[in-house]
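So the structure is just underneath, and the comments pick up after that.
The values are calculated or read from the model by the stated rules, or taken from the named source; none is laboratory data. The structure displayed is predicted, hence computed values, not measured ones. For neighbour counting, all protein chains shown are included, and Cβ atoms are generated from backbone atoms with ideal geometry for every residue, glycine included.
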Amino acid sequence: MTKDIGALAQLQYEPMGKGQWAVVAICIGILALDGYDVLSIAFAAPGITQEWDISKATLGVVLSLELMGMAVGSIIMGALADSRGRRPTLLLGLAILTMGMLAAGIAPNVFFLGTARVFTGIGIGGLLAAATATSSDFCNDKNRSLAVILVAGGFAFGVYLGATFLAPLLKQFDWRVTFYLGALMSLLFIPLVYLFVPETISFLERKRPENALVRIQEIMRRLGHTVPDTLSTIATQTSESVGMVSLFKPGLALITIILMFAYLGNIGTYYYFVKWMPMIVSDFGHSASEATEVLGVISLGGIIGSIGLGVIARFLPIRALMVICLASAAVGVASFPYFTETLQSMKTVGFFTGLFIFAAISGFFGLFAASYPSSLLGSGSGLVLGIGRGGAVLGPMIPGFLFTAGLALETVALLMAGGSFLAGIAVLFLRPQPIEPTL
């Protein structure tokens with residue numbers, strides 16, 4: 001490649017350097033933070049219930065509050081990542097996340113805790129959209145789908161690490177340690193992003209802020225690519241308009257609607273399974289630490305599933321793989337209540353269910369990257385994530401009311417597994433249409 005083809009084309013077609021893989025690794029870490037922070041309330045749920053003596057219906061509401069914030073954060077901050085930049089959005093999301101986790105740790109009552117979780121959710125929602133767009137923008141065409149799926153797989157990695165570290169900590173400290181640890185980890189990522197994640201070339205080429213060429217030259221030099229002498233001409237720039245309205249124009253409208261419906265259904269099943277798991281295990285007479293171990297095994301399966309899906313997706317159509325994962329996740333969630341005789345049987349079934357349900361979550365991020373152009377990736381993924389997360393409020397909340405109404409675990413599990421099943425049917429009708437930037 002030469003200087004004449006432009007910086008963006010070099011990133012698309014040349015081999016990825018260490019700097020680009022470092023950005024991907026940091027984005028994986030950010031999604032790991034999200035995984036830990038979203039599930040931190042589930043880790044803390046048994047302790048919260050015991051200390052404040054709240055009902056399962058109230059707990060279901062508390063478990064869902066963060067998802068409301070995530071809906072707002074995904075939509076607003078996803079659009080912000082497209083209009084104002086990936087890097088500042090990442091830094092803002094991390095700052096919100098850190099403050100929200102710290103506030104949850106010092107919460108004196110359930111009302112303060114709920115407010116803190118909504119605030120935390122805003123940061124998490126923004127990070128999900130911004131990290132997806134950032135990792136996609138820094139990857140070449142060959143590795144983009146793999147990298148984005150691996151980044152999404154960081155979510156499962158965060159749950160696993162959280163469960164691994166929290167199992168022994170919860171034996172010595174109360175539930176508040178989950179939030180203190182989350183605040184510390186989020187804080188540590190702020191300097192990492194500031195020092196090692198530059199603004200994306202795609203954003204700088206498209207928005208052309210002051211000193212855009214100088215910034216692009218510096219970034220390309222850091223990444224080990226040829227430094228361009230000039231910006232691409234306006235005529236060769238991508239012409240897509242940026243904004244939510246663009247997501248519903250011909251060619252994208254059906255894709256957006258299908259992705260929103262499918263993600264909404266699967267995320268409802270997912271959040272029921274992982275957020276109620278500690279309480280379900282505890283109800284069978286096991287300790288909070290043992291319940292956390294089960295969630296850790298589920299997330300370990302998720303790590304393997306996410307990585308496996310990313311690798312296999314390089315050789316097989318991701319749509320077909322997603323249908324298999326979603327159907328298998330539904331079967332696993334529905335059948336879990338029939339394998340609760342021992343802690344080991346719950347871990348075994350949980351592992352295989354986690355393998356498919358986390359792989360499906362990661363696979364959606366691959367579908368985002370394949371379906372939206374760079375100029376709309378933050379907005380598109382943010383909208384789908386926002387609608388999905390907003391609807392996912394029902395995932396933890398509905399079971400709380402169903403349990404309170406006296407329904408058996410087997411019935412609740414079957415009903416909640418329906419979300420992933422319907423998502424699999426919806427994905428059958430999805431025909432992603434990759435839109436490459438015009439250079």
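From the list Val349, Val331, pick out the single residue that is in a helix (DSSP H, G or I), over 20 Å from the mean Cα position of the chain (by Cα) and either under 25 Å from Glu66 (Cα atoms) or in contact (Cβ under 8 Å) with a residue 24 or more places away in the chain (or both).
After ruling out the rest, the residue left standing is Val331.
Is it the case that region 68-80 has a residue that's surrounded by fewer than 24 Cβ atoms within 10 Å (Cβ to Cβ), under 25 Å from Pro191 (Cα atoms) and of a type in the set (Gly, Ala, Ser)?
Yes - at least one qualifying residue is present in region 68-80.
Can you give me the number of residues within region 326-370 that are buried (at least 24 other Cβ atoms within 10 Å of the Cβ) and among the hydroxyl-bearing types (Ser, Thr, Tyr)?
Within region 326-370, residues that are buried (at least 24 other Cβ atoms within 10 Å of the Cβ) and among the hydroxyl-bearing types (Ser, Thr, Tyr) number 2.
Which of the residues that make up region 168-223 are in a loop (DSSP other than H, G, I, E, B), closer than 30 Å to Ala45 by Cα and at pLDDT 90 or above?
Within region 168-223, Arg176 is the sole residue that qualifies.
Would a scan of region 56-68 turn up a residue that is basic (Lys, Arg), in a helix (DSSP H, G or I), at pLDDT below 80 and out of contact with any Cys (no Cβ under 6 Å at 6 or more places or on another chain)?
Looking for residues that are basic (Lys, Arg), in a helix (DSSP H, G or I), at pLDDT below 80 and out of contact with any Cys (no Cβ under 6 Å at 6 or more places or on another chain), one finds at least one in region 56-68, hence yes.
Within region 46-55, which residues are surrounded by fewer than 18 Cβ atoms within 10 Å (Cβ to Cβ), part of a helix (DSSP H, G or I) and touching a residue at least 40 places away in the same chain (Cβ under 8 Å)?
Glu51, Trp52
Quick one: which residue in Ala32, Ala42, Ala9, Ala22 is out of contact with any Lys or Arg (no Cβ under 8 Å at 6 or more places or on another chain) and either farther than 22 Å from Leu91 by Cα or acidic (Asp, Glu) (or both)?
Answer to the selection: Ala9.
Only one of (1) more than 21 Å from the chain's Cα centre (by Cα); (2) closer than 30 Å to Gln10 by Cβ is not met by Leu192, so which one is it?
(1)
Identify, please: which residue in region 249-295 is touching a residue at least 40 places away in the same chain (Cβ under 8 Å) and acidic (Asp, Glu) and is, among those, surrounded by the fewest Cβ atoms within 10 Å (Cβ to Cβ)?
Glu290
Determine whether region 365-372 contains at least one residue that is at negative phi, outside any helix (DSSP H, G or I) and in contact (Cβ under 8 Å) with a residue 40 or more places away in the chain.
The answer is yes, given that some residue of region 365-372 is at negative phi, outside any helix (DSSP H, G or I) and in contact (Cβ under 8 Å) with a residue 40 or more places away in the chain.
Need pairs with beta-carbon distance below 6 Å; first residue touching a residue at least 60 places away in the same chain (Cβ under 8 Å) and at negative phi and within region 87-110, second in a helix (DSSP H, G or I) and surrounded by fewer than 18 Cβ atoms within 10 Å (Cβ to Cβ); sequence gap 6+ or separate chains.
Leu94/Ile190; Thr98/Leu187; Gly105/Tyr180; Val110/Trp52
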